[in-house]
Each structure stands twice: as C-alpha cells, then as structure tokens.
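Colleague: Handing you a structure now.
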Amino acid sequence: MEQIAAPPRTYQSRGEMPERFRETLEQMMKSQAYRELAAARMFGHGLQYVEDGKWLKFMVWHIGEETEHYLAVARMYEKFTGESVEGWVHQRLQAKPVHFAGSWIELAMAQFLYDRGGFWQLQEYEDCAFPPYREVIGKIIAEERGHQGLGERIVVELCEGGHHEDVKQSLFERWLRLGLLSFGRPSTEGNQYAISVGLKKRDSGAVMQDFLNDIKPAMRAGGLKFPEAERLQMELPESLDWKL
Ligand SMILES: [Fe+2]
Ligand SMILES: [Fe+2]
C-alpha cells in the first residue's frame, strides 16, 4: 500500500525550532530582505530612463512596492530575532552591489526577469512551516505578479518595435542569468534539508524550469533566444528544457 508522508510540523515560535531550522529560516528572511531592497534601489536608479509618461506612474508605484516589501520583511525579521536586519543588508549590498540598468530597455528586461525570479522563488515559501512567513509572503507574491507582467509587456513592445535589435539579446542574457541566480544552487544538501522540514516546496532546479517555461511565450514574441547554458556561467541542472 502506498504510504502518504505526514506533512512537516509547523512552528509558531522561535524557541521551539531546532537550530538548523531556525538558521535556515533566518537566512531566507535575510536574503529576501536583500533582494527586495536591491530591487527598490535598482528600479529607483532606473527612473531616469522613463520618458513615456504612461510608464512613469507605474515605475514610481513599483519602487514604492519594493520598498514596502523590504520593510515588511525587515519587520518580520526584527520581530522574530529581536534584532534589526539593516546592518546585514547594507553590508551585503556593499559586498554584492546590485547591477543597475543603463537604459529603458534594460530596465524593462530587469523587470521582466529579475523581478520574476523573486516571484517564483517566493512561491516556494507559500506553505512554509513557519506560518507567519506565509502571511507576509502571500501579499508580496500578489504584488510581484503585477510587476513582472508589466515588465514583460514593455519588453515585448520594445522588441517588436525593432529598435533594439543590436542590444536586446545580450541584455536578455544578462538579466536571465541574474533572474536564475535568485533560486540558489540546485541539488544541494541545504535544498534537501529545507524541503524535508517544509521550509520550501521543491529543489531550485524544478523552480528554474517553471521560470524558464514562464518566459518562453514572451521570448517568442520578442524574438529572443536562450543562450548556450555554459554561457550563463552558473550551476544549472542538466535536465533543464530550453526548447522554445
Ligand atoms: Fe518585491
Ligand atoms: Fe517586484
């Protein structure tokens, strides 16, 4: 008879968590805080490239939402640990500065791909074994859906217009890599641990595949191609389906 595994137990408070569980959860919160603030800064920096009034309001709204996401995660972290996450985030931003876009089309690529990476990653935490995290994540996921949808629309519009033929593919590849990096290395022991205790749903490799499938229709519409996997210079599972 087939055995159905019991769902991992949930924890409401820090004190009852095993040490590794608590450390993994704190690491998840810190990385997310970094990513949200990095996004706010990158899109804030990109405001200078917005010439069309119809997108100006959207960009300002987007920067505001990333800022809110950062603050929501920072509040959760402080409530959970009793300490501020700010010091860690700023140190990390200095050590690993976020790449800034240099043009309107690059900003749109970042919205299309970098933001989408975060969206898919957060969905893996939706049923997190620490229920207070689920609440914070749920609201953020709903908002991220709007960001990437618009990013995609702008990229397709710009690519179809035919004015960015010389740069579109290389910018796509740069931000594809940065988007894929948000999932962390696939098939690690840490991945397995987080899955086994219910902190995340699946291995990074499976999430990468969802992300790739999700961007294919817009790539076809915009005449974009996947590069050779080696060109991305990162650890990727062999099994990824790159077929457009
Ligand atoms: Fe966000
Ligand atoms: Fe976002």
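The values are calculated or read from the model by the stated rules, or taken from the named source; none is laboratory data. The structure presented is a predicted model; accordingly, all values stated were derived computationally and were not measured. Neighbour counts run over all protein chains shown; Cβ positions are idealised from the backbone, glycine included. When the accessible area is computed, the model is the full protein with side chains, heavy atoms only, and any ligands, DNA or RNA have been set aside. Shrake-Rupley method; radii C 1.70, N 1.55, O 1.52, S 1.80 Å.
Colleague: Which FRET efficiency value, to the nearest 0.05, is calculated for residue 167 and residue 213 with the Förster distance at 25 angstrom and r the Cβ-Cβ distance?
Modeller: Between residue 167 and residue 213 the formula returns 0.50.
Colleague: About its Cα centre, how strong a charge dipole does the chain have in debye, to the nearest 20, once Lys and Arg get +1 and Asp and Glu get -1 at the Cβ?
Modeller: 200 debye
Colleague: For the residue pair residue 134 and residue 181, what label-to-label distance in nm results when each label sits 7 Å from Cα along the Cα-to-beta-carbon direction?
Modeller: Those two pseudo-labels are separated by 3.3 nm.
Colleague: Still on this structure: Any of 139/243; 139/200; 96/216 with alpha carbons more than 21 Å apart? Name them for me.
Modeller: On the way: 139/243 33 Å; 139/200 17 Å; 96/216 29 Å.
In this structure, 139/243; 96/216 exceed 21 Å between Cα atoms.
Colleague: Each label point is 7 Å from the Cα along the Cα-to-Cβ direction; what then is the distance between the points at residue 56 and residue 188, in nm?
Modeller: In this crude spin-label approximation the distance works out to 4.3 nm.
Colleague: Okay, which of segment 99-135 sit inside 17 Å, backbone N to the point 7 Å along the Cα-Cβ direction of residue 68?
Modeller: 119, 135
Colleague: Report the local net charge at residue 170: Lys and Arg +1, Asp and Glu -1, summed over other residues whose C-beta lies under 12 Å from its C-beta.
Modeller: Numbers: positive: 168, 174, 177, 225, 231; negative: 106, 165, 166, 173.
With Lys, Arg at +1 and Asp, Glu at -1, the neighbours total +1.
Colleague: A further question follows. Could you pull out every one of the lysines with an alpha carbon less than 25 Å from that of residue 54, ignoring same-chain neighbours closer than 8 positions?
Modeller: Hits, sequence-local ones excluded: 168.
Colleague: Next up: To the nearest 0.05, what FRET efficiency results for residue 13 and residue 243 with a Förster distance of 41 Å applied to their C-beta separation? Mind dumping the intermediate values first?
Modeller: Numbers: r = 47 Å, r/R0 = 1.14.
Result of the calculation: an efficiency of 0.30.
Colleague: For the chain, what is the accessible area per residue in Å² when the probe is 1.4 Å?
Modeller: Result: 50 Å² per residue.
Colleague: Under DSSP H, which helices of the chain have Cα atoms covering 30 Å or more of the helix axis and a Kyte-Doolittle average no less than -0.5?
Modeller: Span-like helices in the chain: 53-81, 131-160.
Colleague: Oh, and also: Give me the compactness ratio for the chain, meaning the Cα radius of gyration over 2.2 N^0.38 Å. Working shown, then result.
Modeller: On the way: Rg = 18.5 Å, N = 244, 2.2 N^0.38 = 17.8 Å.
Cα Rg divided by the expected 2.2 N^0.38 Å: 1.04.
Colleague: Under a point-charge model restricted to the Cβ atoms of Lys and Arg (+1) and Asp and Glu (-1), what is the dipole moment magnitude of segment 187-244 relative to its Cα centre, in debye to the nearest 20? Each step should come with its number before you reach the end.
Modeller: Numbers: 8 positive and 9 negative charges, 64 e Å.
Taking the Cα centre of segment 187-244 as origin, the dipole is about 300 debye.
Colleague: Here's another thing I want to ask about it. Excluding residues fewer than 8 places away in the same chain, name every one of the aspartates and glutamates whose C-alpha is closer than 14 Å to that of residue 30.
Modeller: 78, 83, 86
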